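Down below is the structure, laid out as structure tokens.
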Amino acid sequence: MLHAGERSEPTWWKGNLHTHSLWSDGDDYPEMIMDWYKSNGYDFAVLSDHNVIQIGERWSNVAANKGGTTAYEKYVERFGAEWVDSRIQEGKVQVRLKPLSEYRPLFDESGKFLIIQSEELSDRYLTAPIHINVTHIREPIQPQGGDSVLDVMQNNINAILAQREATGQLLMPHVNHPNFGYAITAEEFMQLRGEKFFEVYNGHPSVHNEGDKTHAGLERFWDIVLTWRLGVLDLPVMYGIATDDAHNYHEQRIGLSNAGRGWVMVRSRNLTPEHLVRAMEAGDFYASSGVTLSSVDHDSKGISLRIQQKPDVSYTTYFIGTRQDFDASHEPFRAGDGNPVRVTHQYHESVGQVLAQVNGIAPSYTFKGDEIYVRAKVVSNKPMSNPYKEGETECAWIQPVVVNLEK
């Protein structure tokens, strides 16, 4: 017998795993943000504010906070003066930011919408910002610090996993925007233990998804990390997610970090934190900035996709991977004085090469048998409705399938 909210077959659930509110550096109230996600077709969402979870008493100065009077007036109009808790302190209007426990009942609906408690654990090494989201967190975790970029990442991951072990709660870390501040190199990230996820796409305009002339873009970063983890270091696969990292909710335009730019589609029978985390840890999800897939299938023979056709839109799928006989040589970028620069090295083109390019809505790839892994990216010619940069088109990223680990 099925219980309320259960489905007889797995289904795709749309969710955002990285968002901010007035609890840290966002410019709107939690209820307004959750209302937007639920009204715009999402099945689950988080508010991952910096180094805090939404518990306890917190008041915000309306005139001084990032939302200002605009956010306050919209908040009162949408939820009513009886819902909004405000007071005058020293002649200034303050609003109580409601904890998740208070506003969750307005939105949670079995089998239809779910809010998951989250935190963006925000740390740094010297000038390098290192941020790790914790989805389904139980207790707040403080930044752990460390003696290097890798040490800071590992110390924070260890603290997150220690909470999971101590509480039995199925929480999930993911490393945010490695190219924000160009903080994390592929050589550092490939060594990380206990982590399975990172953001291959982030909708914030300041995180450098594509890199530049001396910094690898995040897809190149992903292929380097996958090749070394699977083919050299004997470490597990690393999955890529897409997120909004939204901070700005009152104006939509390039240059602002708006909602609705990146998300994950998770295949699970039930809409619960535990089922979603388990599915993602099994790689049963894809990341998207607009492309929707009806099916993602793989077996020992290959990978096949089915893309939901949008009117007058064409699709090209790139199957990308590294073969066993890849050239492992790599060189650091060097400054004018010849000294190496702390950025991801330059790797041979055999690392993360395009194995096949297929047009249409039913692309597939047959394994040759010598691949270490194969992943896929679907690129459409449909412009994003609210891109973070000029020229963005809707895409989807399919998780890598480990094919062959023999060296």
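The values are calculated or read from the model by the stated rules, or taken from the named source; none is laboratory data. Here the structure is a predicted model, which means the values were calculated and not measured. Neighbour counts are summed over all protein chains in view; Cβ atoms, including those assigned to glycine, are modelled from backbone coordinates with ideal geometry.
At least 2 residues being free of Cβ contacts under 8 Å to residues at least 60 places away in the same chain is the threshold, and among the strands (runs of 3 or more DSSP E) wholly inside region 3-108 those reaching it are 59-61, 86-89, 92-96.
Here's the yes/no breakdown for (1) surrounded by fewer than 17 Cβ atoms within 10 Å (Cβ to Cβ); (2) of a type in the set (D, E, K, R); (3) within 30 Å of K14 (Cα to Cα):
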{"site": "A81", "(1), (2), (3)": "yes, no, no"}
{"site": "G91", "(1), (2), (3)": "yes, no, no"}
{"site": "R138", "(1), (2), (3)": "yes, yes, yes"}
{"site": "P143", "(1), (2), (3)": "no, no, yes"}
{"site": "G168", "(1), (2), (3)": "yes, no, yes"}
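Inspection of region 203-210 finds a residue satisfying the criterion of being at positive phi and surrounded by fewer than 20 Cβ atoms within 10 Å (Cβ to Cβ). Of R261, R193, which residue is in contact (Cβ under 8 Å) with a residue 12 or more places away in the chain, crowded, with 23+ Cβ neighbours inside 10 Å and not polar (S, T, N, Q)? Result: R261 is the single residue among R261, R193 that is in contact (Cβ under 8 Å) with a residue 12 or more places away in the chain, crowded, with 23+ Cβ neighbours inside 10 Å and not polar (S, T, N, Q).
Taking the criterion of being buried (at least 16 other Cβ atoms within 10 Å of the Cβ), more than 25 Å from the chain's Cα centre (by Cα) and closer than 25 Å to F198 by Cβ, would at least one residue in region 319-326 satisfy it? So far as region 319-326 goes, yes, one or more of its residues are buried (at least 16 other Cβ atoms within 10 Å of the Cβ), more than 25 Å from the chain's Cα centre (by Cα) and closer than 25 Å to F198 by Cβ.
Residues in region 117-127: is at least one of a type in the set (S, T, Y), buried (at least 17 other Cβ atoms within 10 Å of the Cβ), in the same structural domain as W228 (by TED's automatic domain parsing) and over 30 Å from N270 (Cβ atoms)? Steps first, answer last, please.
From region 117-127, those of a type in the set (S, T, Y) are 118, 122, 125, 127; that's our starting set.
With buried (at least 17 other Cβ atoms within 10 Å of the Cβ) added as a condition, the list becomes 118, 122, 125.
If we keep only those that are in the same structural domain as W228 (by TED's automatic domain parsing) too, we end up with 118, 122, 125.
So of that shortlist, the ones also over 30 Å from N270 (Cβ atoms) come out as 122, 125.
The answer is yes, given that some residue of region 117-127 is of a type in the set (S, T, Y), buried (at least 17 other Cβ atoms within 10 Å of the Cβ), in the same structural domain as W228 (by TED's automatic domain parsing) and over 30 Å from N270 (Cβ atoms).
Yes or no: V341 surrounded by fewer than 17 Cβ atoms within 10 Å (Cβ to Cβ), aliphatic (A, V, I, L, M), assigned by TED's automatic domain parsing to the domain that holds M190 and out of contact with any Gly (no Cβ under 7 Å at 6 or more places or on another chain)? Yes.
Scan R58, R78, R87 and give me the residue that is within 21 Å of I141 (Cα to Cα) and among the basic types (K, R).
Checking each option against the conditions leaves just R58.
So that you can scan it fast, the table gives a plain yes or no per residue for (1) closer than 25 Å to K196 by Cβ; (2) within 24 Å of the chain's Cα centre (by Cα); (3) not aliphatic (A, V, I, L, M):
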residue: R261; (1), (2), (3): yes, yes, yes
residue: R267; (1), (2), (3): yes, yes, yes
residue: H275; (1), (2), (3): yes, yes, yes
residue: E281; (1), (2), (3): yes, yes, yes
residue: S294; (1), (2), (3): no, yes, yes
residue: I303; (1), (2), (3): yes, yes, no
residue: H330; (1), (2), (3): yes, no, yes
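Residues in region 212-228 that are free of Cβ contacts under 8 Å to residues at least 60 places away in the same chain and within 18 Å of S289 (Cα to Cα): 2 in all. Filtering region 238-256 to residues that are more than 14 Å from the chain's Cα centre (by Cα) and within 17 Å of Y37 (Cα to Cα) leaves H247, N248, Y249, H250, E251, Q252.
Listed by first and then second residue, the pairs with beta-carbon distance under 6 Å, at least 6 apart or on different chains, first residue in region 347-373 and without any contact (Cβ under 8 Å) to a residue 40 or more places away in the chain, second part of a strand (DSSP E or B), are V354/Y318; V354/I320; L355/F319; L355/G321; A356/F319; A356/Y365. Considering S380, S385, the condition of being within 21 Å of the chain's Cα centre (by Cα) and crowded, with 19+ Cβ neighbours inside 10 Å is satisfied by S380 alone. Quick check on T135: is it in contact with a Lys or Arg (Cβ under 9 Å, 6 or more places away or on another chain), of a type in the set (S, T, Y) and in the same structural domain as H50 (by TED's automatic domain parsing)? Here the answer is no, as T135 does not meet what is asked.
Of the residues Q142, Q163, Q169, Q154, which is in contact (Cβ under 8 Å) with a residue 60 or more places away in the chain, assigned by TED's automatic domain parsing to the domain that holds D245 and out of contact with any Ser or Thr (no Cβ under 6 Å at 6 or more places or on another chain)?
Just one listed residue meets the conditions, Q142.
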